[in-house]
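To keep things clear, I will list the structure first and then write my remarks on it.
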Amino acid sequence: MSRSRLTTNRANEQLSTGPRTEEGKKRSSLNAFRHGLTGQIVIHTPDQQAFQKHCDAIRESLAAVGALETTLAQSIAEDYWRLNRARALENSIFTLGLQDHSDPAAGNPEVDAAFAQGRTWIEQARNLQLLTTSEQRIRRSIEKNTAELRTLQTARKAAVEQAEEKARLLVQLAEYEDRHGRNYDPSNDFPPESRPLGFVFSKSAVLGRIELGKRLKQAEELDWRGYLKSDDKKSDDSCTPKQRPERRLTLPTIYVRAED
């Protein structure tokens, strides 16, 4: 490049300073924005609240616990947002095509609409193909992240169940020791660093689960015997043997010792 050309370019740069207002700067920041289906999500101000509400609802429904699960849940939520955007873009393409290619004077509106959709499909074939490809990529990403999230949650829940069973046994041991005048604190066997993610040791909570289990067993026994019935069922006298099982009769076990 010659020196004179370089001098001219520098002078032109001083004349073109870009947008000066805040509104102009916001518009220029979106010059490279095309469809928002790939890469980092760019949220316009009117969509910010809807995007946040969408992500919060998805994360809550996925019941993520911990940083890793929350990160996967957020990725899933963002991908669903992209998927909804792709559907909206496809609908917009056909809506605009219907407006551009429809003939108000046509005698058959249904046929005219079908022709308009066909013309739109031909004209926008490349854009529609790009949308289809993007949707497939987004769905694969959702499936991958969902499977990984489920694997993490399954392992975490199994570890929590094991810790809860251990806590139940140790709390019952503490009650046994207390009845015999010995002191034992089961919380000492659950230091914070050994607790699985999502598990919090609480003696009162463990005792509550034990009592709940007893009540459930009692309810199952009464239901089996036919003592529990809904208000919409008939009275006990009208129940047939098929509707209500026979009551169990518990007999003592008799052991007979064989003669030598």
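Beta carbons closer than 9 Å, at least 6 apart along the sequence or on distinct chains, pair a first residue in region 187-211 that is within 17 Å of Lys157 (Cβ to Cβ) with a second that is surrounded by 15 or more Cβ atoms within 10 Å (Cβ to Cβ) and among the β-branched types (Val, Ile, Thr) for Pro196/Val160; Leu197/Val65; Leu197/Val160; Gly198/Val65; Gly198/Val160; Phe199/Val160. Taking the criterion of being under 20 Å from Arg140 (Cβ atoms) and surrounded by fewer than 16 Cβ atoms within 10 Å (Cβ to Cβ), the only residue of region 67-79 that qualifies is Thr71. The C-beta contact set for region 66-90 (first residue closer than 16 Å to Gly198 by Cα, second residue among the hydrophobic types (A, V, I, L, M, F, W, C), distance under 7 angstrom, 6+ apart or interchain) comprises Gly66/Leu197; Leu68/Leu152; Glu69/Leu149; Glu69/Leu152; Thr70/Ala64. Exactly one residue out of Ala114, Ala57, Ala86, Ala64 is among the aliphatic types (A, V, I, L, M), surrounded by fewer than 15 Cβ atoms within 10 Å (Cβ to Cβ) and either modelled with pLDDT of 75 or more or not in a helix (DSSP H, G or I) (or both): that is Ala57. All of Asp100, Asp47 fail the test of being at pLDDT 75 or above and in a helix (DSSP H, G or I), apart from Asp47.
Conditions tested, residue by residue: (1) at negative phi; (2) loosely packed, with under 13 Cβ neighbours inside 10 Å; (3) modelled with pLDDT of 90 or more; (4) not small (Gly, Ala, Ser).
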position: Arg179; (1), (2), (3), (4): yes, yes, yes, yes
position: Asn183; (1), (2), (3), (4): yes, yes, yes, yes
position: Leu207; (1), (2), (3), (4): yes, no, yes, yes
position: Gly226; (1), (2), (3), (4): no, no, no, no
position: Ser235; (1), (2), (3), (4): yes, yes, no, no
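For the structure I just gave you, tell me whether Asp189 is exposed (fewer than 12 other Cβ atoms within 10 Å of the Cβ) and over 30 Å from Ala86 (Cα atoms). Here the answer is no, as Asp189 does not meet what is asked.
Condition check for Lys214 on (1) modelled with pLDDT under 90; (2) loosely packed, with under 12 Cβ neighbours inside 10 Å: one failure, at (1). When Leu152, Leu170 are screened for being in contact (Cβ under 8 Å) with a residue 24 or more places away in the chain, in a helix (DSSP H, G or I) and either surrounded by 12 or more Cβ atoms within 10 Å (Cβ to Cβ) or within 31 Å of the chain's Cα centre (by Cα) (or both), only Leu152 passes.
The values are calculated or read from the model by the stated rules, or taken from the named source; none is laboratory data. Keep in mind that this is a model prediction, so the values were computed, not measured. Because the Cβ atoms are built from the backbone with ideal geometry, glycine has one as well, and the counts that use them run over all protein chains shown.
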